[in-house]
Amino acid sequence: MTHTHHAIDYVELGAPDLAPTRAFYEQAFGWTFTEYGPDYLGYRVPGRDDEAGGIDAGRAPGTGGPLVLLYSDDLDATVRAVRDAGGAVSKDPYEFPGGRRFYFTDPAGNELGAWQPAG
């Protein structure tokens, strides 16, 4: 994969307990992981050969910082996948000029979002 100058290249999440956070992202979104010791996981997302980010046991999870948005072809199915995997919806799906989105927290407490473009 080619890296793009000034583009977001890697997103790192905090999670003191890696196991439930890993299980959540595997189940909800199909991410795969590489273990780099007991305190760090690199992750790959479907359709991308290189790592998209990491999960760091030494970084505190949280909300209120930059919001990472995942793309979804079917937002309602993504809401179900988040709940089925043990995540919590923190803001129900809503419409905005470009489509629909919602926010969720993973088991560690990180808040992310997912969006689907307008039909």
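The values are calculated or read from the model by the stated rules, or taken from the named source; none is laboratory data. These figures come from a predicted structure and were not determined experimentally. FYI the Cβ positions are ideal-geometry reconstructions off the backbone, even for glycines, and counts take in every protein chain you see. We work out accessible area using only protein heavy atoms, side chains counted, and drop any ligands, DNA or RNA first. Shrake-Rupley method; radii C 1.70, N 1.55, O 1.52, S 1.80 Å.
What the table below lists for this structure:
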item: Leading residue by the ranking (farthest from G86 (Cα to Cα)) among those in the stretch 14-29 that are open to solvent by 20 Å² or more (accessible area, probe 1.4 Å) and among the small types (G, A, S); result: A19
item: Lone qualifier among A81, A19, A7 - being aliphatic (A, V, I, L, M), part of a helix (DSSP H, G or I) and over 13 Å from the mean Cα position of the chain (by Cα); result: A19
item: Test: residue in the stretch 49-56 that is farther than 20 Å from E111 by Cβ and not acidic (D, E); result: no
item: Restricting the stretch 30-69 to residues that are part of a loop (DSSP other than H, G, I, E, B) and of a type in the set (S, T, Y), the residue that is least open to solvent (accessible area, probe 1.4 Å); result: T63
item: Every pair of residues 6+ apart whose Cβ atoms lie under 6 Å, when the first sits in the stretch 6-33 and is at positive phi while the second is open to solvent by 60 Å² or more (accessible area, probe 1.4 Å); result: G30/P46
item: From the options D106, D84, residue that is in contact (Cβ under 8 Å) with a residue 24 or more places away in the chain and in contact with a helix residue (DSSP H, G or I) (Cβ under 6 Å, 6 or more places away or on another chain); result: D106
item: Residue within the stretch 99-108 that is more than 12 Å from the chain's Cα centre (by Cα) and open to solvent by 30 Å² or more (accessible area, probe 1.4 Å) present; result: yes
